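Trainee: Could you have a look at this structure, given as structure tokens, before my questions?
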Amino acid sequence: MTQDTEDDDDGINTKEKDHWLNQYRLSRPGSLGSVLDVVIDEVTFIEERARKRRAKDAETFRLVTDVVVSNLAYSLLRHPEGKPLVISRDTGGRRAYDNPAIPRATFVQTVDLLEAAGFLTQAMGARGRGLTTIRATSRLAALVSGLGVDLGCFRIDRNYPLLMLRRKVVHGPGQPPTRRDIEFQDTPETERIRLEMSRLNSFLAGADLEFIPDGLGLVDTINDRTLSRRFVVLNDQAARFDQVGRLSGGFWTNLEKDRRGSLRIQGEPIADLDFEAMHPRIAYLLLGKEWSQDDPYDLTGLLDGYDHSNKEHRSAVKKGLSSLLNGGRAGRKYGKPLEGLPPGATPASLRAALKAKHPALVPIIDPPVPLKVPLGYRLMKLESDILLEALDHLMSLSVVALPSHDGVFVAQSNTAIAQEALQEASKFILDVTLPVKPKPVPEPIQPIPRAAHNQPTHCCA
């Protein structure tokens, strides 16, 4: 169950509601490259041009066609029933983190040509009302199927942005904030962060990762491994990289909990290691308060109807405290209560219960005047710094670890090594050792013999 809180994108939720075309998805030589050649030949045949494209323009046209065809082919593999991809037909100025090698006007012209050639259809969105989407036609689907395109036929452009910055502007009570990605000037700090992410991605690219098919949809363990780091600035703040900074990306981060048992690292089932109550613990530490909580989300006797054995109650309380730490009001958008709370609970009653539970946090979760920067922004930055410190150490030991929010997935045989690495990293960053515990991992939903579930990679060059 997912639900939007008022501070939703401060944590950079990677579960996109709309499937946007990925401007950095390309083909590898092989089957998909053959599909691309057929498409370009067809489009060139029907295109009415007074003269042949110049070499540079032809190179750009091929790149843009590659991006569109690769995205449509990838969508066909992931969603055989058909899934529309959102595009922008705006030919104005380039948006932050668009692929700089793709001119906006050329992109729109290419999409229109591919539609005219019968390889895609468009559903136009009116300005301010709806989004423009594209779908592969049966003609393109037949090419993709007939030439044997599989998940090994794709690649991500090496220029994919590994460091991004978003501006959030808060307008006042009752008004939704506006958010937009922004560009920035590189500094030694940003270059260091980007290099750190590049090293991590290179290591993960060579990792032995598999997913046992469970009948709930294809999981791409081949292409979707690239991690980026995303920071947030508020209102008129200048570019800075000490707020949020969470790791984003990686197919494993969006796996539902009950599917994680099908993940394999180096052929082994995974261990799911997690810091215990990481953000509340660090909040207490930063405020100079002593931690004395058994479970910071247990509101027994403080919130009417709360039942600590009810997992939905505890999960909703956890979301509520996170909302407060990030400048929210412990509710969903438009003042609605969080789903999963006891009947009759409201954002106000949840805030009161959390204040009673955590008097040390009252200056943060219910300040007399709104904080200029929520404490949660710093908590997320420290969380990510700790994870990256641990991941760097584990890489030096050739141990594959997949970061997931405030923990990691590792092969079960590496549980003790990874647990120690996380604890030592917290000691290095915070000068305090935070507790780490393994979380239960469910059994695979539909176990299938190894020989039957390897994902083909015959396109890989």
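Trainee: Only one of these is under 18 Å from residue 436 (Cβ atoms), surrounded by fewer than 23 Cβ atoms within 10 Å (Cβ to Cβ) and small (Gly, Ala, Ser): 349, 404. Name it.
Mentor: Result of the check over 349, 404: 404.
Trainee: For residue 454, only one of the following conditions fails: (1) in contact with a strand residue (DSSP E or B) (Cβ under 9 Å, 6 or more places away or on another chain); (2) surrounded by 14 or more Cβ atoms within 10 Å (Cβ to Cβ); (3) modelled with pLDDT under 95. What is its number?
Mentor: Here residue 454 meets the rest and fails (2).
Trainee: Further question on the same structure: Could you say which residue among 213, 188 is over 20 Å from the mean Cα position of the chain (by Cα), at pLDDT 95 or above and either at positive phi or not assigned by TED's automatic domain parsing to the domain that holds residue 68 (or both)?
Mentor: Within the list 213, 188, the selection yields 188.
Trainee: A follow-up question, please. When only residues in the stretch 263-290 that are part of a strand (DSSP E or B) and aliphatic (A, V, I, L, M) count, which is nearest to residue 379 (Cα to Cα)?
Mentor: Within the stretch 263-290, the match that is nearest to residue 379 (Cα to Cα) is 273.
Trainee: Run down 165, 143, 147 and say which single residue is among the hydrophobic types (A, V, I, L, M, F, W, C), under 16 Å from residue 27 (Cα atoms) and crowded, with 20+ Cβ neighbours inside 10 Å.
Mentor: Of the residues listed, the single one that is among the hydrophobic types (A, V, I, L, M, F, W, C), under 16 Å from residue 27 (Cα atoms) and crowded, with 20+ Cβ neighbours inside 10 Å is 143.
Trainee: Restricting the search to the stretch 229-264, which residues are among the aromatic types (Phe, Trp, Tyr) and closer than 21 Å to residue 206 by Cα?
Mentor: 251, 252
Trainee: Given (1) surrounded by 16 or more Cβ atoms within 10 Å (Cβ to Cβ); (2) within 20 Å of residue 359 (Cα to Cα), where does residue 342 come up short, assuming only one miss?
Mentor: Result: residue 342 passes all but (2).
Trainee: With the requirement that a residue be surrounded by fewer than 13 Cβ atoms within 10 Å (Cβ to Cβ) and either more than 23 Å from the chain's Cα centre (by Cα) or closer than 15 Å to residue 21 by Cβ (or both), what does the stretch 96-111 give you?
Mentor: 105
Here is a yes/no grid of residues against (1) more than 21 Å from residue 276 (Cβ to Cβ); (2) part of a loop (DSSP other than H, G, I, E, B):
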residue	(1), (2)
292	no, yes
297	no, yes
306	no, yes
338	yes, yes
349	yes, no
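Trainee: Can you tell which of 115, 42, 59 is at pLDDT 95 or above, within 30 Å of residue 183 (Cβ to Cβ) and among the charged types (D, E, K, R)?
Mentor: Being at pLDDT 95 or above, within 30 Å of residue 183 (Cβ to Cβ) and among the charged types (D, E, K, R) holds for just one of 115, 42, 59, which is 59.
Trainee: Considering only the stretch 16-56, state which residues are acidic (Asp, Glu) and either under 25 Å from residue 96 (Cβ atoms) or assigned to a loop (DSSP other than H, G, I, E, B) (or both).
Mentor: Of everything in the stretch 16-56, those that are acidic (Asp, Glu) and either under 25 Å from residue 96 (Cβ atoms) or assigned to a loop (DSSP other than H, G, I, E, B) (or both) turn out to be 16, 18, 47, 48.
Trainee: Ok, one more. Within the set of pairs 6+ apart or on separate chains, which have a first residue in the stretch 354-382 that is over 19 Å from residue 296 (Cα atoms), a second that is part of a helix (DSSP H, G or I) and not hydroxyl-bearing (Ser, Thr, Tyr), and C-beta atoms under 6 Å apart?
Mentor: 382/282
Trainee: If you go through the stretch 376-396 one residue at a time, do you hit one that is in a loop (DSSP other than H, G, I, E, B) and at pLDDT 95 or above? Lay out the reasoning, then the answer.
Mentor: Of the stretch 376-396, the ones in a loop (DSSP other than H, G, I, E, B) are none.
Looking through the stretch 376-396, none of the residues is in a loop (DSSP other than H, G, I, E, B) and at pLDDT 95 or above.
Residue-by-condition table, conditions (1) more than 28 Å from residue 412 (Cβ to Cβ); (2) over 13 Å from the mean Cα position of the chain (by Cα):
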site	(1), (2)
218	no, yes
230	yes, no
233	yes, yes
240	yes, yes
248	no, no
254	no, no
261	no, yes
264	no, yes
269	no, yes
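Trainee: Then there's this: Could you identify the single residue in 289, 336, 318 that is surrounded by fewer than 16 Cβ atoms within 10 Å (Cβ to Cβ), of a type in the set (D, E, K, R) and modelled with pLDDT of 95 or more?
Mentor: Step by step, each of 289, 336, 318 is checked, and only 289 is surrounded by fewer than 16 Cβ atoms within 10 Å (Cβ to Cβ), of a type in the set (D, E, K, R) and modelled with pLDDT of 95 or more.
Trainee: Please go through (1) under 29 Å from the mean Cα position of the chain (by Cα); (2) surrounded by fewer than 19 Cβ atoms within 10 Å (Cβ to Cβ); (3) not small (Gly, Ala, Ser) for residue 308 and return the number of the only condition it doesn't satisfy.
Mentor: (1)
The values are calculated or read from the model by the stated rules, or taken from the named source; none is laboratory data. The structure presented is a predicted model; accordingly, all values stated were derived computationally and were not measured. For neighbour counting, all protein chains shown are included, and Cβ atoms are generated from backbone atoms with ideal geometry for every residue, glycine included.
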